[in-house]
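To start, the structure itself, in structure tokens.
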Amino acid sequence: MKKIKTILFLICLSFTQSLKALDNQLLSYQSIYEINLDTEREVKKTFGQPSISKANGELIIDWFFNCESWVSNQRMLVSFVNSAGVGTVSDISYSLEESTSNNKMKFLLQVKENNMIRQKVRGDVVKDDELKIEIYNPKKKEIAFSKDVMLPHEHLKLIIKSLDQKEGSIFSKKVYEGSLPENFFNISTFINQKPFKFTSIDLPKEVKNKFWDVRMAYYEEDSQTTSLELTAKINRQGIVSYFRYDYPDYSLVMKLKKLAVIKNSCKKQ
């Protein structure tokens, strides 16, 4: 059974300040998504290798503001069955805490397969003249990248800032989020600037029902081949109503089925 890869859903002073101002637009929330295999996608058969025939599960994402930083807790639980009838349960948990100034982050990633831990990593990130990373599991290691490498919430705010432009937006950024502890991703993003309304479930009254299609291609550092292509339908408050993960040999579709807005007791900075 092929392992599911973990991708988790982010300059000049004036640009940095404009991104920081977006924190006041973002909502804290809890969300649940239903996961299914895209059975309509045609995948090239590899001789002698079983393919994914069934997949279903849930993705749970929480984002909340704790007065100093944004915290995200994510869990993806997926059951796979391949064409040989062999089943695998993939259980991925990921947590991060990123400061509103986007210069500090803590993260924890755990990957289980059939209830056995396959990967567990914890790290701290600090950005000043460069991006400095300390990894503590499975052994302590220090890594550094150039300061143009962004953090996940910082990248998310850049995407939101680029919504609702007159023309489609295309840009590429380096992003470190910890799922590849010793590497970053080059993420190429295309935003379709035709908004639409989400109608599958009733949204809380605080949620603006105006979403955009955002397509992202993930490359590991200097690789010319994508590890993943991700489609997200997102609004200006950071709410995602739909994900599609396109891996080389299968695709997962994740549809929002429950959303609850969390009210913050502190003022966003």
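Quick note: the coordinates plus some simple rules give every number you see, no bench work behind them. Model, not experiment: these values are computed from the prediction. FYI the Cβ positions are ideal-geometry reconstructions off the backbone, even for glycines, and counts take in every protein chain you see.
For the range 227-269, give the magnitude of the charge dipole about the Cα centre (Cβ charges: +1 Lys/Arg, -1 Asp/Glu; no others), in debye to the nearest 20.
For the range 227-269, the charge dipole is close to 540 debye.
Please grab the % of Cα pairs in the chain that end up more than 31 Å from each other. Tail of the P(r) past 31 Å holds 24 percent of the pairs. Applying the criteria of a DSSP loop state and at most 10 other Cβ atoms within 10 Å to the GluC sites (Glu not before Pro) of the range 36-122 yields 40, 42. Count Lys and Arg as plus one, Asp and Glu as minus one, and take only other residues whose Cβ is under 10 Å from that of residue 34; the net charge is then +2. The Cα center of the range 87-138 and the Cα center of the range 152-198 differ in position by 20 Å. Using a simple spin-label model with pseudo-atoms 7 Å out from Cα toward Cβ, residue 249 and residue 106 lie 3.8 nm apart. For the range 25-146, the mean projected area of the C-alpha convex hull, equal to one quarter of the hull surface, is 10.9 nm².
Relative to the current alpha-carbon distance between residue 165 and residue 119, full extension at 0.36 nm per residue lengthens the span by 12.5 nm. Can you give the direction-averaged projected area of the convex hull of the alpha-carbon atoms in the range 79-145, in nm²? Averaged projected hull area, Cα only: 6.1 nm². Of the trypsin sites (Lys or Arg not before Pro) found in the range 238-267, those that fall in a DSSP loop while having at most 14 other beta-carbon atoms within 10 Å are 263, 267. Counting only DSSP H runs of at least 4 residues, each contributing -39500 (n - 2.57), and dividing by the residue count of the chain, the helix-based mean residue ellipticity at 222 nm comes to -2000 deg cm²/dmol.
To the nearest whole percent, what portion of all C-alpha pairs in the range 185-240 is separated by more than 13 angstrom? Here the tail beyond 13 Å accounts for 63 percent of pairs.
The three principal axes of the C-alpha atoms in the range 116-269 carry coordinate ranges of 46, 42, 39 Å, sorted with the longest axis first.
Fewest-first ordering of 249, 62 by other beta carbons within 10 Å of each residue's beta carbon gives 249, 62.
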